[in-house]
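Data first, discussion second: the structure below is written as structure tokens.
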Amino acid sequence: QVQLVESGGGTVQAGDSLRLSCTASGRTFPLYAMGWFRQPPGKEREFVAVIVLSGAYTSYADSVKGRFTISRDSAKTTVYLQMNSLKAEDTAVYYCAAGRSGSWPRVGYDYWGQGTQVTVSS
């Protein structure tokens with residue numbers, strides 16, 4: 001089993017930046033990829049970004065391209081989501097996910113975190 005713990009959420013103003021972190025523990029080897037999803041109020045969960053832990057590939061939702069950056073640490077157990085130029089529509093609960101398998105660009109997610117709230121006031 002793998003446990004995922006997110007941190008870094010909060011309330012900011014439009015135009016501000018936040019960095020989310022997600023740390024995996026437990027049987028983290030091998031993990032293929034880790035990603036971020038979000039669920040805005042009253043809406044379904046949506047994909048935000050993913051990184052293959054080898055570092056070879058990243059992908060982003062069109063709505064965050066150019067503003068968000070996903071990265072991982074050298075131990076490949078923590079991923080970050082740097083969020084710049086935040087907008088009110090970025091308000092959501094952000095979830096971290098991890099998967100043991102995939103064939104790029106398809107990733108199967110096996111584990112999910114509890115989520116962290118990001119609120120952007122306009």
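Tabulated values for the structure
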read-out	value
Residue-normalised accessible area of the chain, expressed per residue, 1.4 Å probe, Å²	51
Accessible surface of the stretch 50-122, 1.4 Å probe, proportion on carbon and sulfur as whole %	45
Amide proton proximity set for G115, modelled H, under 5 Å, gap of 5+	E6, C96
D62-E89 pseudo-label distance in nm [points 7 Å out on the Cα-to-Cβ vector]	1.1
Normalised contact order of the stretch 3-84, rounded percent, pairs of Cα under 8 Å and 6 or more residues apart	30
Shape of the chain, Cα gyration tensor, a/c cut at 1.5	prolate
Rounded percent of accessible protein surface that carbon and sulfur make up, the stretch 1-43, 1.4 Å probe	51
Accessible surface, 1.4 Å probe, highest first, among residues E44, E6	E44, E6
Size of electric dipole in the chain: Cβ of Lys, Arg +1 and of Asp, Glu -1, about Cα centre, debye, nearest 20	260
Calculated FRET value between E44 and S74, using beta carbons and R₀ = 41 Å, to 0.05	0.75
Full-stretch length increase - S122, D16 - with 0.36 nm per residue and alpha-carbon distance subtracted	37.1 nm
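The values are calculated or read from the model by the stated rules, or taken from the named source; none is laboratory data. Predicted model, so just to flag it, every value in this text is computed and none were measured. When we count neighbours, we look across all protein chains shown, and the Cβ atoms used for this are built from the backbone with ideal geometry, even at glycine. Note: areas computed on protein heavy atoms with side chains; ligands, DNA, RNA excluded. Shrake-Rupley method; radii C 1.70, N 1.55, O 1.52, S 1.80 Å.
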